[in-house]
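Novice: Have a look at this one before I ask anything.
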Amino acid sequence: MRLRSAGLLLLLLSGLHAVIQEEVRAMVGSNVKLSCISTEEKTFDLNELFVYWQIGATEKPETVTYYLSGNSSAGHGNNHYKDRAQLSLDSMKQGDFSVHLYNITPQDEQKFNCLVFSKLVKILHVVVTLHVAANYSMPVVSTPDNAPEDEELTFTCTSTDGYPWPNVYWINRTDNSLLDKALQNSTVSLNARGLYDVVSVLRIRRTPNVNVGCCIENVLLHQNLTVASHTGISAQALRPELGFTDHV
């Protein structure tokens, strides 16, 4: 059956039902399961089911994948999810209407609505918020090279291929205090993969034994990547602080 028919059927199906809210976190390039499971201890007849996974505004949603009563397989409404979103007919018989998403991209950071109807009555509505993340590369800091005594020092910190938007900090390694934001100029840009690259430039007055560090923070992953740089000494990477779980 064509998607046009699926959309018309969904408009005809109505009824009030409690909405279940969930949040899931996934890494770029990984696979993830968005759960939509009935708590009723029963089996379901596929000939009585209508299942929709959608994204976008309620007034004009886009269908990711769907199953219509009597079909032998699920359909797809959004080319971005063709061959990437999969429903299991066997699982649906047991009340598991979850969708498996493959090869996660930053564009998948969405609210996904799972709508399940049995005999034209809504029996389940789950909203799954998918948060997408990617590790930033270890920062690389370039240090001043034989700058004149009376000139300010310029340090440049670069890190690539991360998600979401980073926080950038420069640290005075002598006392671990944060340096004034006014001393730095950070540029964050979106690359061809849909990930973020960051370049941060720090300009400070020359003082004896300048010792600074550049920190790239990924808030979603609870991750801080820090590299220290001392004038006259090569940049030294500090051990990153990592923290990641599959669910929020």
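Novice: Give me the one-decimal nm value for the distance between modelled label points at ARG193 and ASN79, 7 Å along each residue's Cα-to-Cβ direction.
Specialist: 2.4
Novice: Count neighbours as other Cβ atoms within 10 Å of each site's Cβ, and list the GluC sites (Glu not before Pro) in the range 145-206 that are DSSP loop with at most 11 such neighbours.
Specialist: Filter output for the range 145-206: GLU149, GLU151.
Novice: Classify the range 140-237 as rounded, prolate or oblate from the Cα gyration tensor: take a ≥ b ≥ c as the square roots of its eigenvalues, call it rounded if a/c is under 1.5, otherwise prolate when a/b beats b/c and oblate if not.
Specialist: Details: a/c = 2.17, a/b = 1.79, b/c = 1.21.
The shape class here is prolate.
Novice: Next up: Residue-wise, which Karplus ³J(HN,Hα) couplings in Hz belong to the range 91-104, taking 6.51 cos²θ - 1.76 cosθ + 1.60, θ = phi - 60°, and x for glycine or proline?
Specialist: Each residue of the range 91-104 in turn: 5, 4, 4, 9, x, 9, 9, 5, 10, 9, 9, 10, 6, 4 Hz.
Novice: OK, next. So for the pair ASN185, GLN110, with labels modelled 7 Å out along Cα→Cβ, what separation do we get in nm?
Specialist: Inter-label distance under the simple model: 3.9 nm.
Novice: Taking the Cβ of each residue in ASP45, ASP197 as the centre, tally the other Cβ atoms inside 10 Å and list the residues starting with the fewest. Mind dumping the intermediate values first?
Specialist: Working: ASP45 10, ASP197 18.
Ascending number of Cβ neighbours within 10 Å: ASP45, ASP197.
Novice: Considering amide H positions built from the backbone, and no H for Pro or chain starts, which residues 5 or more places from ASN167, or on another chain, come under 5 Å of its amide H?
Specialist: Hits under the 5 Å cutoff: GLU217, VAL219.
Novice: Could you grab the relative contact order for the range 92-222? Cα pairs under 8 Å, six or more apart, rounded to a whole percent.
Specialist: Across the range 92-222, relative contact order equals 24 percent.
Novice: Take the residue pairs LYS111/LYS181; LYS33/LYS111; LYS42/LYS111; LYS42/LYS82 and return only those whose Cα atoms are more than 25 Å apart.
Specialist: Beyond 25 Å: LYS111/LYS181; LYS42/LYS111; LYS42/LYS82.
Novice: Here is a follow-up. Go ahead and run the numbers for FRET between HIS100 and VAL140, Cβ-Cβ distance against an R0 of 45 Å, rounding to 0.05.
Specialist: FRET efficiency, HIS100 to VAL140: 0.75.
Novice: At what distance in nm do the modelled label points of THR174 and THR207 sit from each other, each positioned 7 Å from its Cα along Cα→Cβ?
Specialist: 0.3
Novice: Follow-up question, since we're still on this one. Full-extension gain between GLU23 and ASP161, please, as 0.36 nm times their residue separation minus the C-alpha to C-alpha distance. Walk me through the numbers before you get to the answer.
Specialist: Numbers: separation 138, 0.36 × 138 = 49.68 nm, distance 2.35 nm.
The GLU23-ASP161 span can extend by a further 47.3 nm.
Novice: List the chymotrypsin sites (Phe, Trp or Tyr not before Pro) within the range 102-161 that DSSP assigns to loop and that have no more than 16 neighbouring Cβ atoms inside 10 Å.
Specialist: The qualifying sites are TYR102.
Novice: In addition: What is the order of GLU48, GLU22, fewest Cβ neighbours within 10 Å to most? Before the final figure, lay out the partial values.
Specialist: On the way: GLU48 13, GLU22 16.
Ascending Cβ contact count within 10 Å gives the list GLU48, GLU22.
Novice: Further question on the same structure: Working out 0.36 nm times the residue gap between LYS93 and GLU59, then minus their Cα-Cα distance, what length gain in nm do you get to one decimal?
Specialist: Length difference between fully extended and current span is 9.3 nm.
Each reported figure results from applying straightforward, stated rules to the coordinates on display, with no laboratory input. Every value quoted in this text rests on a predicted model; they were computed, and no experiment measured them. Counting neighbours? That spans all protein chains shown, and the Cβs are built from the backbone with ideal geometry, glycine included.
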